[in-house]
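The values are calculated or read from the model by the stated rules, or taken from the named source; none is laboratory data. Please read these numbers as outputs of a predicted model, since none were measured by experiment. No Cβ is skipped: glycine too gets one built from the backbone with ideal geometry, and neighbour counts run over all protein chains shown.
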């Protein structure tokens, strides 16, 4: 009988410690996701290659100088498919440590094009292909909450027609909505 009581107490303690451990992790974590949308533009397609999304913590206390890479849905997105309140998830919800985020950046690839009624043209990038598109906007990762960021990539204002007839991508992007749930 004493053996059964000891086993019961040991099992109860183990379960209690497990529950406390899980609760502590949940208190120190929140979730974040990023979606993208667009305003109307005068092109047939505006294709932008998103490779990575990163966020920057205010305290810089990790090995990446405060930068954390999100679970990015890398791919080529036609911005014109994202009009009239249509959006696409470009970073799936993931656990992040609670804390203040000071900025976000989108790392673009080289597979960016604009399609007109005449042809398909490459979109040249300037420094964004190396440093990413930085969006400075403070928000916080809150315990047991998911933050959803909706970014508006304005295709019409982002395309510049150069004097030689080529096209350049000078992204105009802003935070359209921030929601916690």
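For segment 73-89, a tally of residues being at pLDDT below 95 and at positive phi returns 2. Residues in segment 120-161 that are in contact with a helix residue (DSSP H, G or I) (Cβ under 8 Å, 6 or more places away or on another chain) and either without any contact (Cβ under 8 Å) to a residue 40 or more places away in the chain or at positive phi (or both): 144 alone.
Sub-7 Å Cβ pairs linking a first residue in segment 90-114 that is at positive phi and modelled with pLDDT under 95 to a second residue that is in a loop (DSSP other than H, G, I, E, B) and surrounded by fewer than 19 Cβ atoms within 10 Å (Cβ to Cβ), at least 6 apart or interchain, are 99/58; 99/59, ordered by first then second residue. Screening residue 41 on (1) under 24 Å from residue 159 (Cβ atoms); (2) modelled with pLDDT under 90; (3) assigned to a helix (DSSP H, G or I) shows it passes everything except condition (3).
The one condition from (1) within 20 Å of residue 89 (Cα to Cα); (2) surrounded by 18 or more Cβ atoms within 10 Å (Cβ to Cβ); (3) at pLDDT 90 or above that residue 179 does not meet is (2). Any residue that is in contact with a strand residue (DSSP E or B) (Cβ under 6 Å, 6 or more places away or on another chain), crowded, with 17+ Cβ neighbours inside 10 Å, at pLDDT 90 or above and in a strand (DSSP E or B) - is there at least one of those in segment 160-167? Within segment 160-167, one or more residues are in contact with a strand residue (DSSP E or B) (Cβ under 6 Å, 6 or more places away or on another chain), crowded, with 17+ Cβ neighbours inside 10 Å, at pLDDT 90 or above and in a strand (DSSP E or B). Between 47, 28, the distinction of being modelled with pLDDT of 50 or more and surrounded by fewer than 17 Cβ atoms within 10 Å (Cβ to Cβ) belongs to 28 only.
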